[in-house]
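Undergrad: Questions regarding the structure given below will be posed in turn.
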4 protein chains.
Amino acid sequence: MKNRVDIQSQTDLRKITIDKVGVKNVRYPIIVEDRARGTQHTVADLDIYVQLPHDHRGTHMSRFLEVLNRFHQENFIPNLQEFLQATKLALKAEAAYTTIKFPYFMEKKAPVSGIASLQAYNCIFEASLDNNFQLIIGVEVPVTSLCPCSREISDFGAHNQRSIISLKVRFHDFIWLEELIEMVEDTASSQIYPLLKRVDEKFVTEQAYKNPAFVEDIVRELTLKLMQDNRITDFQVEAENLESIHSHNAYASVSRSKDETNG
Amino acid sequence: MKNRVDIQSQTDLRKITIDKVGVKNVRYPIIVEDRARGTQHTVADLDIYVQLPHDHRGTHMSRFLEVLNRFHQENFIPNLQEFLQATKLALKAEAAYTTIKFPYFMEKKAPVSGIASLQAYNCIFEASLDNNFQLIIGVEVPVTSLCPCSREISDFGAHNQRSIISLKVRFHDFIWLEELIEMVEDTASSQIYPLLKRVDEKFVTEQAYKNPAFVEDIVRELTLKLMQDNRITDFQVEAENLESIHSHNAYASVSRSKDETNG
Amino acid sequence: MKNRVDIQSQTDLRKITIDKVGVKNVRYPIIVEDRARGTQHTVADLDIYVQLPHDHRGTHMSRFLEVLNRFHQENFIPNLQEFLQATKLALKAEAAYTTIKFPYFMEKKAPVSGIASLQAYNCIFEASLDNNFQLIIGVEVPVTSLCPCSREISDFGAHNQRSIISLKVRFHDFIWLEELIEMVEDTASSQIYPLLKRVDEKFVTEQAYKNPAFVEDIVRELTLKLMQDNRITDFQVEAENLESIHSHNAYASVSRSKDETNG
Amino acid sequence: MKNRVDIQSQTDLRKITIDKVGVKNVRYPIIVEDRARGTQHTVADLDIYVQLPHDHRGTHMSRFLEVLNRFHQENFIPNLQEFLQATKLALKAEAAYTTIKFPYFMEKKAPVSGIASLQAYNCIFEASLDNNFQLIIGVEVPVTSLCPCSREISDFGAHNQRSIISLKVRFHDFIWLEELIEMVEDTASSQIYPLLKRVDEKFVTEQAYKNPAFVEDIVRELTLKLMQDNRITDFQVEAENLESIHSHNAYASVSRSKDETNG
């Protein structure tokens, strides 16, 4: 192979910087910090990109995996900035990006019986490094929402459903995924649980009925909390109800930067 | 290309008949019979396969599309047996198969206000032809289910959720998709609707509360109806609740052939 | 129901404007303009949102569907601005948004045999109306990409694969979806086709081998064309290779606004 | 709650046994045996069902989770029969079923450079217990397939693509997932790898070109191997090519029971 051209290293004359180039949907086992248990093992889907300078024909895709393997499971998540720095160096790039999606497990105790079991939450880390390191962390939290209108107008009952509340934050002081999850769960009509005995089911049913909330209410209550948390600088909240009375979903979203005026 | 070998037409010596070979996930516009409006346009995902005799090296993938194009939108669904016969001939096969998945739209009137709008249902046709032509038709129907246990044990309210009820039938006398859909909708705690005004929302909320049903109840009620419908020879019923109090689903299924003893 | 409170119409004191609130994943049959045939029927997934003023407790979800039904299939896509204006009015909102995803079919002729068949493309319209109407249109185009590096270093063959090229544009003069699709198809190693006879398969195989392209090359070539098309004011290009030699994908993206300096 | 009825425990008079009832899409961390490293941590999606006798109104959904929690991560996969036995007891059922889907990681060494990295494979266990315990294990293996026809008719190059080969087996002597994966990988035009340097990419490109295979060839070669492996009693093989020259897939499947005559 000595005389073969290294195509990726050719000079490119089209004068077009590529915003992001790299590998997508790399499945990889990771180890994540766990507030209760120290660490937990899970499995991630990774996207890893760099910015490609206008005069480089191509990036070297294999190097993304080489850098990842160097950090490996134990050292990957705790060292995202170093990982992106190493990626920048290996790819000779001005900026590097990674998005890491994974299920995260928390033990939840049923509200009356106290029986514990594991609840999965889809989480996300979005990290970038040019001159500055930036990190956004996010959680998707399944909850129960009960419709205030349905409760008001009906002689008995009220439609309710599984809702998925998504929260992404940028912050300047450390925040646990668990804190974000709990912030969301406290905002819904009721939390959900993997395991509910009869006494628990009675509790969550009545709890939801006593706390009706539209998607609008959920995103507003979360916004109030997030505005008050000084660790958080920017956030996006989305609520999506898998409506029990429709086959389409109800949706609401609010994004804020703490600099912005609100309202 | 004169001297090039026709690889697919080579003789195969491995003595292995291939059960199914062909094209998968072909997206195609189709026209379906509509009880209310004569016909409707929709879009299908098609799988089309043949059985490949043990002594043929390969099938000719392009011929599946040629046959499909010959039938085209107007003549495809009304002539499934002829389509499979033509596929068998074109591919020199003993058996041909097709699976056709598509959204089907029915106008639904809100239960009190009477306002009409379009509800989509995922439908499926599974057709095969060896010496005999066989056709299975199926519908996926979103409904509301309300938990009998939650209602019984709670002082107010009851958890409820969107459920997806799937029904597939084999039959000897013609059945409309609309009939299958209505059979399912009548079995749930409440039908769902694309558009509900306040009077309608009150109605469906109270209706669901008055008709609690487990997934077990839904599949059993449907089974009773299907056993009594003499046009139907075999069926499969599945109910899946997107539980509002859990992030996992509740599921039940029953399959019966009319020859079988039941129970 | 006379004495029941209209909860959605209550005054909200939390002083939080909701960016977007409405209905998501509404499935609806639509009719789209077709350069070759006038119009075509297809099926869309719709999201429809409004901005909710800070002093309104909730939006009225049923009105989204009422407005949609008023426009109905025939008048929906040709009148997106009027549709959003009607939505703003019905919901008493300052801004309205819709995203419309649908498969769009074009007849493609095989390159040598000339046999025609239908190719599906996932398309998208993103429309918004506050004081100004804005529209982004997008296409997802499956193509073949053949790796320049693999070709250079190998004594024979070169790995190639299905790639999905996504293009979204904002524009000030009308552009057909067909034009965007053709622009993308001309940029790949080879176009793909639903139906290829042997002479066609020889053609596309050799064509791809003669036109190797990295994801980087594809997004750059498209960027050059889009920069030169004066109708287009902003664009985003993404290329994603379903790599035949990996289970992860290769990805590149470029976004540009015509005001920006490029490179 | 003392006077409330236990609805699930009511007697049912409809005389309809429910084939399967239980929980679906339970996400759960698991520990799986690993030929190279002893064990590995991963994350599963679980369905757990029982058969419900005709005279029972409902099953007790919470007990499925209670049994799962009793086995927990460490003791779940190694004790599937005991798990199903405990499920039968807890639910007073004649039969219990579980389906367990999870990504499984194997270290793969690039074919020339020898650089190791982790490849994910979707795996499945399908276990049932009535009077007998039955277990089916399955793997989904991404490989490269190169089209024999395209190679034969073209002056240079040949279209190739990522293929997904699925294999499920029933067996009477222990088989590692790794053995099934290797059996599949040896059958394709080329294996795929997470990380390939230039020397490796040359190798796999040329390897694929030297080993063209239709989906038909892949399922037949696998069938021959599976027929000869005396540990295996039944199997199903599926091959699906993400065709690089089409947007639809090519598919072939073979199922055999060792009792059956073959061909």
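Undergrad: Run down C:R162, C:R198 and say which single residue is within 8 Å of chain D (Cβ to nearest Cβ) and either without any contact (Cβ under 8 Å) to a residue 12 or more places away in the chain or on the phi > 0 side of the Ramachandran plot (or both).
TA: So the residue among C:R162, C:R198 that is within 8 Å of chain D (Cβ to nearest Cβ) and either without any contact (Cβ under 8 Å) to a residue 12 or more places away in the chain or on the phi > 0 side of the Ramachandran plot (or both) is C:R198.
Matching residues to (1) outside the structural domain of A:V184 (by TED's automatic domain parsing); (2) surrounded by fewer than 18 Cβ atoms within 10 Å (Cβ to Cβ); (3) part of a strand (DSSP E or B); (4) not aromatic (F, W, Y):
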site	(1), (2), (3), (4)
A:P78	yes, yes, no, yes
A:T98	yes, no, yes, yes
A:F102	yes, no, yes, no
A:Q134	yes, yes, yes, yes
A:R162	no, no, yes, yes
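Undergrad: Take the residues of the range B:92-108 that are in contact (Cβ under 8 Å) with a residue 60 or more places away in the chain and within 12 Å of another protein chain (Cβ to nearest Cβ): which is farthest from B:V141 (Cα to Cα)?
TA: The extreme case among them is B:Y97.
Undergrad: Something else about it: Against the condition at pLDDT 95 or above, within 14 Å of chain A (Cβ to nearest Cβ) and part of a strand (DSSP E or B), how does B:V143 come out, does it pass?
TA: So B:V143 fits the description; yes.
Undergrad: Still on this structure: Please work out which one of (1) more than 14 Å from chain A (Cβ to nearest Cβ); (2) in a strand (DSSP E or B); (3) open to solvent by 20 Å² or more (accessible area, probe 1.4 Å) is the condition D:V21 fails and give its number.
TA: (3)
Undergrad: Among the residues of the range C:184-206, write down those that are of a type in the set (A, V, I, L, M, F, W, C) and over 14 Å from the mean Cα position of the chain (by Cα).
TA: C:A188, C:I192, C:L195, C:L196, C:V199, C:F203, C:V204
Undergrad: Check the range A:136-149 and report whether any residue there is surrounded by fewer than 17 Cβ atoms within 10 Å (Cβ to Cβ) and either under 25 Å from B:Q207 (Cβ atoms) or not aromatic (F, W, Y) (or both).
TA: no
Undergrad: Tell me, please, whether a residue that is touching a Ser or Thr at 6+ places or on another chain (Cβ under 6 Å), open to solvent by 10 Å² or more (accessible area, probe 1.4 Å) and farther than 30 Å from D:I31 by Cβ can be found in the range D:175-194.
TA: no
Table: residues versus (1) in contact with a Lys or Arg (Cβ under 8 Å, 6 or more places away or on another chain); (2) at the interface with chain D (Cβ under 10 Å from one of its Cβ atoms); (3) in contact (Cβ under 8 Å) with a residue 60 or more places away in the chain; (4) part of a helix (DSSP H, G or I).
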{"residue": "A:Y28", "(1), (2), (3), (4)": "no, yes, no, no"}
{"residue": "A:N69", "(1), (2), (3), (4)": "no, yes, no, yes"}
{"residue": "A:E74", "(1), (2), (3), (4)": "no, no, no, yes"}
{"residue": "A:Q81", "(1), (2), (3), (4)": "no, no, no, yes"}
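Okay, residues lined up against (1) β-branched (V, I, T); (2) in contact with a Phe, Trp or Tyr (Cβ under 8 Å, 6 or more places away or on another chain):
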| position | (1), (2) |
| --- | --- |
| B:I175 | yes, no |
| B:I181 | yes, yes |
| B:V184 | yes, no |
| B:K197 | no, no |
| B:E206 | no, yes |
| B:E216 | no, no |
| B:E238 | no, yes |
| B:S255 | no, yes |
| B:D259 | no, no |
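Undergrad: Which ones in the range B:222-263 are buried (at least 17 other Cβ atoms within 10 Å of the Cβ) and of a type in the set (S, T, Y)?
TA: Within the range B:222-263, B:T223, B:S244, B:S247, B:Y251, B:S253 meet the criteria.
Undergrad: Among the numbered criteria (1) more than 9 Å from chain B (Cβ to nearest Cβ); (2) not in a loop (DSSP other than H, G, I, E, B), which one does A:V204 miss?
TA: (1)
Undergrad: Which of the following residues is among the β-branched types (V, I, T) and free of Cβ contacts under 8 Å to residues at least 24 places away in the same chain: A:T187, A:T205, A:T233?
TA: Going through A:T187, A:T205, A:T233 in turn, just one is among the β-branched types (V, I, T) and free of Cβ contacts under 8 Å to residues at least 24 places away in the same chain: A:T205.
Undergrad: Taking the conditions exactly as written (open to solvent by less than 60 Å² (accessible area, probe 1.4 Å) and either out of contact with any strand residue (DSSP E or B) (no Cβ under 7 Å at 6 or more places or on another chain) or within 25 Å of B:L196 (Cβ to Cβ) (or both)), does C:N69 satisfy them or not?
TA: Yes, satisfied.
Undergrad: Mind checking which residues of the range A:215-263 are closer than 17 Å to A:E140 by Cβ, facing another protein chain (nearest Cβ under 7 Å) and not in a loop (DSSP other than H, G, I, E, B)?
TA: Scanning the range A:215-263 gives A:V215, A:V219, A:E240, A:N249, A:A250, A:Y251, A:A252, A:S253, A:V254, A:S255.
Undergrad: Of all residues in the range B:47-66, which are outside any strand (DSSP E or B), open to solvent by 10 Å² or more (accessible area, probe 1.4 Å) and either away from chain C (no Cβ under 12 Å) or at positive phi (or both)?
TA: Within the range B:47-66, B:P53, B:H54, B:D55, B:R57 meet the criteria.
Undergrad: Also, quick follow-up: Which one is nearest to the other protein chains (Cβ to nearest Cβ), of the residues in the range A:171-195 that are under 21 Å from A:E216 (Cβ atoms) and either part of a strand (DSSP E or B) or of a type in the set (S, T, N, Q) (or both)?
TA: Among those residues, the one meeting the criterion is A:S190.
Undergrad: Among the residues of the range C:36-46, which ones are open to solvent by 20 Å² or more (accessible area, probe 1.4 Å) and more than 9 Å from chain B (Cβ to nearest Cβ)?
TA: C:A36, C:R37, C:G38, C:T39, C:D45
Undergrad: A follow-up question, please. Going by the conditions given, is B:P212 within 14 Å of chain A (Cβ to nearest Cβ), open to solvent by less than 10 Å² (accessible area, probe 1.4 Å) and closer than 21 Å to A:R162 by Cα?
TA: Here the answer is no, as B:P212 does not meet what is asked.
Undergrad: Now, a different point. The conditions are (1) touching a residue at least 40 places away in the same chain (Cβ under 8 Å); (2) aliphatic (A, V, I, L, M); (3) within 12 Å of another protein chain (Cβ to nearest Cβ), and D:I153 fails exactly one of them. Which is it?
TA: Looking at each condition in turn, D:I153 falls short on (1).
The values are calculated or read from the model by the stated rules, or taken from the named source; none is laboratory data. These numbers were taken from a predicted model, which means no experiment stands behind them. Here Cβ is always computed from backbone atoms with ideal geometry, including for glycine, and neighbour counts include all displayed protein chains. SASA here: full protein model, heavy atoms, side chains in, ligands and nucleic acids out. Shrake-Rupley method; radii C 1.70, N 1.55, O 1.52, S 1.80 Å.
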